[in-house]
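> Dumping the structure here so I can ask a few things about it.
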Amino acid sequence: MSGLLLTGANGQVGFELQRSLAPLGKTIALTRAEMDLSDEGSILSVLKEYKPRVVINPAAYTAVDRAGSEREQAMAVNAIAPGVLARWAADNGAYLVHYSTDYVFDGTKADPYVESDPVNPQSVYGESKWLGEEAVRSAGANHVILRTSWVFGHHGNNFLKTILRLAQERSALNVVADQIGAPTSAALIADVTRRVVEAVAGSDVPDVSGTYHLSAQGNTSWHGYAAHIVREASARHFNLALELDALKPISTAEYPTAAKRPQNSRLNCGKLMGRFSLPLPAWQEDVNDVIEKLAPARNCK
Ligand SMILES: NC(=O)C1=CN([C@@H]2O[C@H](COP(=O)(O)OP(=O)(O)OC[C@H]3O[C@@H](n4cnc5c(N)ncnc54)[C@H](OP(=O)(O)O)[C@@H]3O)[C@@H](O)[C@H]2O)C=CC1
Ligand SMILES: Cc1cn([C@H]2C[C@H](O)[C@@H](COP(=O)(O)OP(=O)(O)O[C@H]3O[C@@H](C)C(=O)[C@@H](O)[C@H]3O)O2)c(=O)[nH]c1=O
Ligand SMILES: [Mg+2]
C-alpha cells in the first residue's frame, strides 16, 4: 500500500511506526522540521504536496506538567492540528489514524474505562488531547483514534528510562503507588497501527472507523512499575545504586506535580481486541524487552 504519511517520526511511537509500517510500502515520515503542527499553513502545504491516502498522527505535545504554562502550544499541536489533518482527510477521501490518552479521564471510575465513558480531563494536556479527539470525530473523515497509556520504548523519553537512570544515580527513591494503569510499549502501539492500516486498505474489518482503547494487559501502579524495572535491571547487570527496599511507595499527595494525573488509568481494550481479532501482551513482556535492549551487558557483547 502506498500513500502513507507519518507525523512525529522522531517520537516514541513515530520511531516504531517507521519499522512496523515498512512492509506496507513507502511511508513519508516527517519530523517537526518538515511539518510544524503548530502552523496550519505548514500542515496544508505538506498534505497538498504528498496527497497521502492514510495520515498517521502520533505527533503530540506530551510534556504533561509543562502544558499548563505552555497552553497555547499544547492546544495548537494536540487540539487544533488534528482537526486540520482530519478536515483535509475528509475533503480528500483520505484516512486518519490518531492517538489519544488515558488522561482524558478523571480516574475516579472503579473499573477499567470503556470508550463510551464520560471524559473529564484534569490537566491542560488531557483537555488538549480530548479537544483533538473531538475535532477528528467532527470532521467527518474516516478515522481511527487509539487511546493508550503510559507509553515507553527504547527510543525517546519515558518513565522506564527515567527510573533506570535514577536507580543508577540514587540510593533512595519515592514513587507514587496510588495511580494505576498499564505501561504500553511504543512497539505494540505501532504493531496494532499496522493492523489498523491493513484493515483500512482491505475489507476484512467492517466499519473500522471509531475510537478504541489500546494498552497492554494487566495493570500496576507507578511504584509497582518502578519496582519491576529495578528487579529486571539488576538481573541484567545494570550498575544500580538503588536497592529494591529503598524504593518507597508514596501517595499522590506526597509527590506534588503541576498537573493532576488520574488515579485510575486502566483502559478496557475489549472493543479493539474483538474488532481486530488481536491478542494483547501482558505489560511486563515489552518492559522486559526494552530493558534487555538497554542493558549494559548487551552493549559489551
Ligand atoms: N508518552 C505517553 O506516555 C503517552 C502518549 N500518548 C499519545 O500517544 C501519541 C504518541 O506519543 P509519544 O510517541 O509517546 O510522544 P513523544 O513525545 O515521544 O513524541 C511526540 C513527537 O511529536 C513531535 N512534535 C511535538 N510538537 C510538534 C510540532 N509542533 N510539530 C511537529 N511535531 C511535533 C515531537 O517532535 P520533537 O522531537 O521535535 O519535539 C515528537 O517527535 C501522542 O498522541 C500522545 O499524546 C498517549 C498516552 C501516553
Ligand atoms: C520520576 C518520578 C515520577 N513519579 C510519579 C509522578 C507521576 O505521578 C508518575 C508518572 O510520572 P511521569 O511524569 O513520568 O509520567 P507522565 O508524564 O504523567 O506520563 C503520562 O504521559 C502522558 C503523555 C500520557 O498520555 C499518560 O498516559 C502518561 O504516560 O510517577 C514519582 O512518584 N517519583 C519519581 O521519581
Ligand atoms: Mg512525562
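The values are calculated or read from the model by the stated rules, or taken from the named source; none is laboratory data. Because the structure is a prediction, the values reported are computed rather than measured. Reconstructed Cβ throughout: ideal geometry from the backbone, glycine too, with neighbour counts over all protein chains shown.
> Out of Thr211, Thr162, which single residue is of a type in the set (Val, Ile, Thr) and in contact (Cβ under 8 Å) with a residue 12 or more places away in the chain?
None of the others qualify; the one that does is Thr211.
> A further question follows. Condition check: surrounded by 16 or more Cβ atoms within 10 Å (Cβ to Cβ) and touching a Pro at 6+ places or on another chain (Cβ under 7 Å). Does Tyr225 satisfy that?
Yes, satisfied.
> Right, here's the next one. Being in a loop (DSSP other than H, G, I, E, B), surrounded by fewer than 19 Cβ atoms within 10 Å (Cβ to Cβ) and away from ligand 1 (no atom under 11 Å from the Cβ) is the filter here; which residues of the stretch 149-171 pass it?
The answer is Arg170, Ser171.
> List every residue pair whose Cβ atoms lie under 8 Å apart, where the two residues are 6 or more positions apart in sequence or sit on different chains, the first residue falls within the stretch 25-38 and is surrounded by fewer than 16 Cβ atoms within 10 Å (Cβ to Cβ), and the second residue, located anywhere, is of a type outside the set (Val, Ile, Thr) and modelled with pLDDT of 95 or more.
So the pair list comes out as Gly25/Leu4; Lys26/Leu4; Thr31/Gly8; Thr31/Ala9; Thr31/Asn10.
> May I ask you to list the residues in the stretch 100-117 that are in contact with a strand residue (DSSP E or B) (Cβ under 9 Å, 6 or more places away or on another chain) and assigned to a helix (DSSP H, G or I)?
Listed by number, the residues that qualify are Asp102, Val104.
Residues are listed down the side, and each one gets a yes or a no for (1) of a type in the set (Gly, Ala, Ser); (2) modelled with pLDDT of 95 or more; (3) crowded, with 23+ Cβ neighbours inside 10 Å; (4) within 13 Å of ligand 1 (Cβ to nearest atom):
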| residue | (1), (2), (3), (4) |
| --- | --- |
| Gly107 | yes, yes, no, no |
| Ser116 | yes, yes, no, no |
| Gln122 | no, yes, no, no |
| Lys129 | no, yes, yes, yes |
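> Let me ask something else about it. Looking at the stretch 51-65 only, could you name the residues that are free of Cβ contacts under 8 Å to residues at least 60 places away in the same chain and more than 15 Å from ligand 1 (Cβ to nearest atom)?
Lys51, Pro52, Arg53
> Hey, Arg137 hits all of (1) within 16 Å of ligand 3 (Cβ to nearest atom); (2) basic (Lys, Arg); (3) in contact (Cβ under 8 Å) with a residue 60 or more places away in the chain but one; which does it fall short on?
(1)
> Still on this structure, please answer the following. Count, please, the residues in the stretch 31-49 that happen to be under 22 Å from the mean Cα position of the chain (by Cα) and more than 8 Å from ligand 1 (Cβ to nearest atom).
Summing the residues that are under 22 Å from the mean Cα position of the chain (by Cα) and more than 8 Å from ligand 1 (Cβ to nearest atom) in the stretch 31-49 gives 2.
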